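Visitor: Here's a structure for you.
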Amino acid sequence: MSEDKNEIKEQSSWHILFTFIFLVLLAVSIIFLHSSGKFLKTVPVFDFIIMGIAIFRLTHLFVYDSVMDFVHNYFAKFKTGPNKTIFDLLSCEWCAGMWLALIIGFFYFLTPYSWYAILIIALAGVATFIDLTAQRIMR
């Protein structure tokens, strides 16, 4: 029993560390974008919606789609440590969504060339949403 508590305590430490890493990456990305003059204070509503749909699609890809099973299977074999935390992040749509939002947001501001990739991912997201909705209606 105490071994389980130690594993839980150790894993909690890794979760806290990854949360800290996320916050540091967020701060560093904001500072970098601001200092390079690429940080916008406002985002057009259309762009915001497109980024949201792209984040939805990427989150669904990493958390639910079987094409990413090889990633899940690799990290699933770890019972503790940073790899277990990565598995936990890839198994949680809310957690994966936060990390993917950070990545999508950073590239949106960093370069205009990312807009095309974000748009393509968002279009796939719309198709995924339509497919999921149709599947639920047909049940």
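Visitor: If r is the Cβ-Cβ distance from Ile130 to Trp94 and R0 is 25 Å, what FRET efficiency results, to the nearest 0.05?
Guide: That pair, Ile130 with Trp94, gives E of 0.65.
Visitor: Using unit Cβ charges (K, R positive; D, E negative) and no other charged atoms, how large, in debye to the nearest 20, is the dipole of the stretch 2-138 about its Cα centre? Mind showing how you got there, number by number?
Guide: Numbers: 9 positive and 10 negative charges, 59 e Å.
Here the size comes out at about 280 debye.
Visitor: Between Lys41 and Tyr113, what is the spin-label point distance in nm, taking each point 7 Å from the Cα along the Cα→C-beta axis?
Guide: Rounded to a tenth, the inter-label distance reads 3.0 nm.
Visitor: Next question, about the same structure. As a test of the formula, what do you get for the chain when each DSSP H run with n ≥ 4 contributes -39,500 (n - 2.57) and the sum is divided by the residue count, at 222 nm and rounded to the nearest 500 deg cm²/dmol?
Guide: -27500 deg cm²/dmol
Visitor: Label Glu10 and Asn83 with points 7 Å out from Cα along Cα→Cβ: what is the distance between them in nm?
Guide: Taking the two extended label points, one gets 1.3 nm.
Visitor: Arranged by the count of other C-beta atoms within 10 angstrom, fewest first, what order do Lys77, Lys84 take?
Guide: Lys77, Lys84
Visitor: Calculate the all-directions average of the projected area of the stretch 68-139's alpha-carbon convex hull, and give it in nm². Don't skip to the end; give the middle numbers.
Guide: Working: hull surface 26.4 nm².
If I average the Cα hull's projected area over directions, I get 6.6 nm².
Visitor: How big is the convex hull of the Cα atoms of the chain, per residue, in Å³?
Guide: In the chain, the Cα hull volume divided by residue count equals 136 Å³.
Visitor: Mind checking the full-extension length gain between Ile137 and Ile30? Use 0.36 nm per residue of separation minus the Cα-Cα distance, one decimal, nm.
Guide: 34.3 nm
Visitor: Looking at the chain, do any whole DSSP H helices span at least 24 angstrom along their long axis by alpha carbon and average 1.6 or above on Kyte-Doolittle, and which?
Guide: 45-63, 93-110
Visitor: Straight distance only, please: which lysines reach the Cα of Lys84 with their own Cα at less than 21 Å, same-chain residues fewer than 8 apart left out?
Guide: Within reach: Lys5, Lys9.
Here, each number is a calculation from the coordinates, and none is a lab measurement. Model, not experiment: these values are computed from the prediction. Positions of Cβ are backbone-derived with ideal geometry, glycine not excepted, and every protein chain shown enters the neighbour counts.
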